[in-house]
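**Q** Structure incoming, see below.
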Amino acid sequence: MPLLATDWATISSMVAGIGTLVLAVATFASVRSSNRSARVAEAALQEQRRPVLAPSRLEDPAQKLMFVDRHWVKADGGRAVAEHVDGIVYLAISLRNVGSGIGVCQGWFATSGLTTSWSMPTHAPEEEFRLQTRDLYIPSGDIGFWQGAFRDPGGQDYERARQAIKDGETLTIDLLYGDNEGGQRIITRFILRPGEDGFLISSATHHWNVDRPDPR
């Protein structure tokens, strides 16, 4: 029987090919793992900067707020303010940031009456929000406030808010805010209910993510 000659060149090529394949598989796994780690790190960073606004606690201190026309109001802990004075509707809410990042209020939408998941299942369109005339910062883990006003007596929003205050009806405020870099925008709905002592009690009923998918 003739002896079979060993083809070392072929064997060497096969070994090199197998090594290259193993290296490619290892590189692919490493890249996938790195991408997954990067996504986890990015999500953790966003979580650290994400604000979530809610009504302040009843035991939180009262806050005195001044509007641009030097009108002053006082919002107690867990409360809101709705006043019609000298032809202007003044609105304010005492807030607490329960998220990890600084919250910055960007805009708001107000409507009269109690809204529910059936009557208004989603937030108002973004183009209908009124922009804040100045940035309102709410520190993480601390209290702050939101304020807004209707000054045009000819507007429908003005008249609805004025009539709701006069009749002691509920007001609904959709508040648009984000982190201190303008991202991670959220819309939270606050319900302002008249209380027995004349103050309005604020409660948050919904949170909507604007720049990322909602969890529900």
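**Q** With all distinct Cα pairs included, what does the Kirkwood hydrodynamic radius of segment 123-195 come out to in Å, to one decimal, could you say?
**A** Value: 14.2 Å, from the Cα pair sum.
**Q** Same structure, new question: What list of ³J(HN,Hα) values in whole Hz, one per residue of segment 116-128 in order, does the Karplus curve 6.51 cos²θ - 1.76 cosθ + 1.60 (θ = phi - 60°) give from phi, with Gly and Pro shown as x?
**A** 10, 5, 8, 6, 8, x, 10, 6, 5, x, 4, 5, 8
**Q** THR170's amide H: which non-local residues (gap 5+, or another chain) put their own amide H closer than 5 Å, with H modeled 1.01 Å from N in plane and none for Pro or chain starts?
**A** For THR170, the qualifying residues are GLY113, LEU114.
**Q** Going by C-beta contacts inside 10 Å, put SER100, SER56 in order with the fewest on the left.
**A** SER100, SER56
**Q** HN-Hα J couplings of segment 139-153 from phi, Karplus 6.51/-1.76/1.60, θ = phi - 60°, integer Hz, Gly and Pro as x?
**A** The phi angles translate into x, 5, x, 9, 9, x, 8, 10, 9, x, 8, 9, 10, 9, x Hz.
**Q** Give a quick list of trypsin sites (Lys or Arg not before Pro) in segment 72-173 that DSSP marks as loop, anything other than H, G, I, E or B, with at most 13 other Cβ atoms within 10 Å.
**A** Passing sites in segment 72-173 are ARG151.
**Q** Which loop chymotrypsin sites (Phe, Trp or Tyr not before Pro) in segment 81-132, with loop taken from DSSP, have no more than 14 other Cβ atoms within 10 angstrom of their Cβ?
**A** TRP118
**Q** Follow-up question, since we're still on this one. Would you mind ranking GLU181, GLU126 by Cβ crowding within 10 Å, fewest neighbours first?
**A** The order, fewest Cβ neighbours first, is GLU181, GLU126.
**Q** Which ³J(HN,Hα) values, rounded to whole Hz and listed in residue order, are derived for segment 51-67 from phi using the Karplus coefficients 6.51, -1.76 and 1.60 in 6.51 cos²θ - 1.76 cosθ + 1.60 with θ = phi - 60°, glycine and proline given as x?
**A** For segment 51-67, the Karplus curve yields x, 9, 9, 9, x, 5, 7, 4, 7, 5, x, 5, 10, 9, 10, 10, 8 Hz.
**Q** Now for a different question. Give the long-range amide H neighbours of ASN180: residues separated by 5 or more places, or on another chain, with amide H under 5 Å away, using H modelled in the peptide plane at 1.01 Å from N.
**A** Those qualifying (amide H under 5 Å, at least 5 residues apart or on another chain) are ILE102.
**Q** Separate question: Would you mind checking which residues have amide H under 5 Å from GLY107's amide H? H placed 1.01 Å from N; only 5 or more apart, or other chain.
**A** Excluding prolines and chain starts, which carry no amide H, the hits are GLN132, LEU176.
**Q** Tell me the Kirkwood radius of segment 53-209: reciprocal of the mean inverse pair distance over distinct alpha-carbon atoms, in Å. Kindly include the intermediate steps, with their values, before the conclusion.
**A** Values: mean 1/r = 0.0643 Å⁻¹.
Answer for segment 53-209: a Kirkwood hydrodynamic radius of 15.5 Å.
**Q** Find the eigenvalues of the gyration tensor of the Cα atoms of segment 51-93, then list the square roots of 5 times those eigenvalues as equivalent ellipsoid semi-axes, largest first, in whole angstrom.
**A** For segment 51-93, the semi-axes come out at 21, 11, 10 Å.
No value in this document is a laboratory result; all are computed from the given coordinates. Owing to the predicted nature of the structure, the values given are computational and were not obtained by experimental measurement. Please note: Cβ atoms are built from the backbone with ideal geometry, for glycine as well, and neighbour counts cover all protein chains shown.
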